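First the structure, in the form of C-alpha cells, and then the observations on it.
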Amino acid sequence: MANIFSGGGRELDLSNGATEAFVEVLMLAVSDLASQAWDLRFAALLILQDQNVMGRGAVGFHLEDVDWGASESERARSKDFVLRATALAASGHRWNELGYHPPRVHDYLDRFRIMVENLTPPTSSGPYHHFPGPDGAATASCTRHRVLSGLPYWEGCFLCIQPR
C-alpha cells in the first residue's frame, strides 16, 4: 500500500517507511516553529499521519483539503509556515534524535515543497473534513522529546511510541 500526499497539481506517493521518515522529520521542524493556532492544527494533521496509530498504508492528505485561512494574508502566512518548516526539516534539523538516517527524505521534502509552492490555497470556507479544527489542534508537547503530540489521546509523541 502507498500513502498519498497531494497538492498543487502534484502527488507524493510514498511507501510506509518513506512516509514515516517524511512525517517524522517534518514533525520535528513543525514542533520547533509552531507559534500560532493554525500551526498547531497543521501539527495535528501531521500527527494523524503516524502509521503506528492510524495504520500502515492508510495515511496521506490533500493540501486542497487544508483550511489555509479566511483571508489572503492568513493563507499566505499558513503557506509560509509550511514552507519554513519544510526548509528546516530539509536542513537536517534534529535528525540525530531519530535513531536512524532517513534515506531519500531530501527528495520527499523537495517534492513536498514544490507541491506547496504550486498550491493556490482554496478560498472557500470548507468544510474541511480531514483538517483538524481549532479543538483538534496539537496543544500537548512531549516533555521528554519536545515534540508536539496527540497527548492526552495517545500515550506519547512519535518518538515515545516508536517500535525501535
Checklist line | Computed lengthening from residue 104 to residue 72, 0.36 nm per intervening residue step minus Cα-Cα distance | finding: 8.1 nm
Check: What is the calculated FRET efficiency for residue 13 to residue 97, with r their C-beta to C-beta distance and R₀ = 25 Å, to the nearest 0.05?
Finding: 0.40
Next item on the list: At most 12 other Cβ atoms within 10 Å and a DSSP loop assignment: could you name the chymotrypsin sites (Phe, Trp or Tyr not before Pro) in the stretch 81-130 that fit?
Entry: 100
Check: How big is the accessible area of residue 114 in square angstrom, nearest 10, if you roll a 1.4 angstrom probe over the protein chains?
Finding: 50
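The values are calculated or read from the model by the stated rules, or taken from the named source; none is laboratory data. Note that the structure is a prediction, hence the values are computed from the model and not measured. Positions of Cβ are backbone-derived with ideal geometry, glycine not excepted, and every protein chain shown enters the neighbour counts. The protein model used for the area step is the full one, side chains on, heavy atoms only, and it has no ligands, DNA or RNA in it. Shrake-Rupley method; radii C 1.70, N 1.55, O 1.52, S 1.80 Å.
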